[in-house]
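Working notes, structure below.
The values are calculated or read from the model by the stated rules, or taken from the named source; none is laboratory data. Everything quoted here is computed from the prediction, not taken from an experiment. Positions of Cβ are generated from backbone atoms using ideal geometry, with glycine treated the same way; all protein chains shown enter the neighbour counts.
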Amino acid sequence: MKREHEIEKQYSLFVNRKGRFIWIAGVVALILAVTGLALGPSSISFRDLLALFSDSRDALHHGIIFQIRLPRVLAGILSGMALSVSGVVMQSVLRNPLGSPFTLGISNAAAFGAAFAIIIFGAGSMYSSSSDAVMIANPYVVTASAFVWSLGACFLILLVAKRRGATPENMILTGIIASSLFTALTTGLQYVADDVELATIVFWTFGDLSKGGWNELLLQVVIVVPVMVYFYRNRWNYNALDAGDETARSLGVNIGRLRLTGMVVASLATAAVVSFYGIIAFVGLVVPHMVRRITGGDERFLIPGAALAGAAFMTGCDIVARTLLSPVVLPVGILTSLIGAPLFVLLLIKGKGGSQWR
Amino acid sequence: MISLTSVHFAYNGLKVINDVSHVFEKGSFTAILGPNGSGKTTLIRLMNGLLKPQSGLVEVMGRRAGDYGARELAQQMAYVPQSQYNLFPATVFDTVLLGRNPYVSWSPGRDDRRITSEILVRLGLDDIALKDINKLSGGQRQRVFIARALAQQPALMLLDEPTASLDLKHQHETLHLLRELSAGGMTVIVSIHDLNLALKYCTSFMILDGGRLVAEGGREIFKEKLIEDVYKVRVKIITEEEQIFILPVEPV
């Protein structure tokens with residue numbers, strides 16, 4: 001039995017290293033979150049941050065933190081988690097390393113939903129303030145419409161899966177169809193839109209964490225937290241799925257149900273981000289692959305690791321977005337693509353002959 | 001153990017399995033033989049529940065295969081597909097640990113890791129336990145997949161062409177291992193092309209032709225005429241030191 005114990009010990013050391021990464025990612029996310037609270041057009045020292053929880057708090061700082069920065073940082077954490085883990089799950093259930101929340105056309109559907117509300121429901125009247133800020137007159141209608149149309153993309157997937165089976169090929173093809181369809185519809189709406197409506201649609205598509213407040217955050221918590229629990233619960237089943245459909249089935253996994261539920265739940269989590277904050281690209285693609293470099297393909301570590309790394313990535317990008325051209329605050333969606341795209345290229349180049357995925 | 005009663009299956013109206021009945025006894029090592037397209041793989045898939053018969057009955061341990069839940073069936077029966085690859089890198093230990101899936105609720109525990117370690121040592125895979133499965137040779141990979149099937153602690157093991165991509169040494173090693181498992185009481189069923197390998201290691205045989213079962217039983221079923229009719233190749237059957245060899249002569 002000595003040899004068996006030795007192997008178990010070696011394996012424990014091996015997986016403990018992956019466990020350590022999760023802790024590190026968590027600590028980095030926490031540090032970035034606190035930094036995110038402190039940094040911005042108006043810098044607040046860490047001492048002043050601590051003072052907010054005492055009697056000697058500064059009313060202005062209190063307002064900045066609790067009305068602007070804290071909801072924004074929390075939105076970044078939740079959105080990063082939702083998009084990254086959705087990416088991990090979609091790559092697994094689609095058996096495609098390019099799977100991401102955008103593969104299924106969810107973001108395009110949300111963008112169409114926003115355009116639809118702006119033009120059809122007249123939620124697009126905007127005004128230019130003294131600082132030339134663009135405002136959407138009725139953000140709740142826009143968000144609700146974006147969310148409903150995101151779910152519409154989910155139902156399209158469900159429909160195809162029900163008629164033709166939830167195979168990776170069917171899912172990817174449905175995603176391409178949904179993307180093209182909603183892009184065409186959005187373009188059609190933009191064509192008939194007036195200048196103000198057109199500008200509002202474009203403004204909405206910028207992924208920006210400042211669009212939400214506490215109410216949006218609460219709704220996001222209600223969706224994203226159960227989604228995370230569901231994915232964490234199924235992480236071992238996703239490992240089986242990575243080994244192939246026939247193998248997973250013979251290991252007792254109901255692959256059709258797992259694939260379909262995974263897609264719908266991941267789409268829901270994505271919809272909960274893009275409907276509130278607009279299109280935030282690359283997070284769902286680049287973070288899973290970054291984390292996979294460290295944890296390997298084991299979903300037991302990949303899912304919590306990607307959740308925390310995604311939170312850190314999004315929070316970090318938002319800090320850069322707020323400080324790069326301060327006092328101008330850039331939409332975080334620009335930063336995630338600007339940072340994510342070269343990172344992804346780096347991951348591809350550094351790949352050992354493509355052996356990281358097949 | 002596992003029985004087939006008048007099983008029929010067709011793909012798009014094309015009959016692939018036609019009225020096949022057979023009983024696989026506990027501890028038997030059965031080879032399913034037949035030329036390409038004879039229905040070997042389909043029959044294996046009907047037995048492991050990947051396909052459902054259009055008529056007839058597949059029973060596992062006296063119960064209809066369709067009445068088992070996926071996890072419940074996986075505790076009784078393990079399956080090693082012909083070809084498989086991991087989408088993302090996975091270690092040998094993790095691959096074998098995956099075999100514990102039918103017993104795992106949230107995540108594998110201490111017992112699952114212990115069983116995995118024991119199987120790795122038993123199959124001589126302990127030295128490569130932390131290697132990436134995608135970087136192993138074909139023979140090693142096949143051994144790992146059999147180890148994963150063993151981790152399911154099944155009463156039955158089905159393997160689809162387990163020697164298809166292996167060299168001579170690994171072909172013999174794999175079948176030798178399967179014979180040992182069968183001798184230990186496990187029912188092992190393989191679909192295989194090489195008649196001589198099957199004759200050397202298996203204890204019972206089914207020969208399919210065009211989806212029909214044309215012969216079943218022990219080594220005595222192998223006749224030159226039967227092989228010629230099924231494979232369309234003239235053969236000579238030679239017996240040496242109680243071992244039967246089939247020597248192909250020429251296509252008919």
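All of (1) more than 16 Å from the chain's Cα centre (by Cα); (2) at pLDDT 95 or above; (3) not aliphatic (A, V, I, L, M) hold for B:Thr30 with one exception: (1). Going by the conditions given, is A:Gly316 touching a residue at least 12 places away in the same chain (Cβ under 8 Å) and assigned to a loop (DSSP other than H, G, I, E, B)? Spelling it out, it is not the case that A:Gly316 is touching a residue at least 12 places away in the same chain (Cβ under 8 Å) and assigned to a loop (DSSP other than H, G, I, E, B). Of the conditions (1) assigned to a helix (DSSP H, G or I); (2) over 20 Å from the mean Cα position of the chain (by Cα); (3) more than 14 Å from every other protein chain (Cβ to nearest Cβ), A:Pro41 fails just one. Which one is it? The one condition A:Pro41 does not meet is (1). The conditions of being among the small types (Gly, Ala, Ser) and touching a His at 6+ places or on another chain (Cβ under 6 Å) are not met by B:Gly69.
Taken over the stretch A:162-207, residues that are in a loop (DSSP other than H, G, I, E, B) and under 29 Å from A:Gly76 (Cα atoms) amount to 1.
Of the residues making up the stretch A:241-273, those that are touching a Cys at 6+ places or on another chain (Cβ under 7 Å) and of a type in the set (Gly, Ala, Ser) number 1. Selection of the stretch B:63-86 for residues being hydrophobic (A, V, I, L, M, F, W, C), in contact with a strand residue (DSSP E or B) (Cβ under 9 Å, 6 or more places away or on another chain) and at the interface with another protein chain (Cβ under 9 Å from one of its Cβ atoms) yields B:Leu73, B:Met77, B:Ala78, B:Val80. For the stretch A:337-352, the criterion of being touching a residue at least 60 places away in the same chain (Cβ under 8 Å), within 14 Å of chain B (Cβ to nearest Cβ), closer than 24 Å to A:Arg95 by Cα and surrounded by 24 or more Cβ atoms within 10 Å (Cβ to Cβ) is met by no residue.
Of these, B:Asp111, B:Asp132, B:Asp126, which one is surrounded by fewer than 23 Cβ atoms within 10 Å (Cβ to Cβ), charged (D, E, K, R) and more than 9 Å from chain A (Cβ to nearest Cβ)? Exactly one of B:Asp111, B:Asp132, B:Asp126 is surrounded by fewer than 23 Cβ atoms within 10 Å (Cβ to Cβ), charged (D, E, K, R) and more than 9 Å from chain A (Cβ to nearest Cβ), namely B:Asp111. The numbered conditions (1) under 22 Å from B:His176 (Cβ atoms); (2) outside any helix (DSSP H, G or I) are all true for B:Ser105 except (1).
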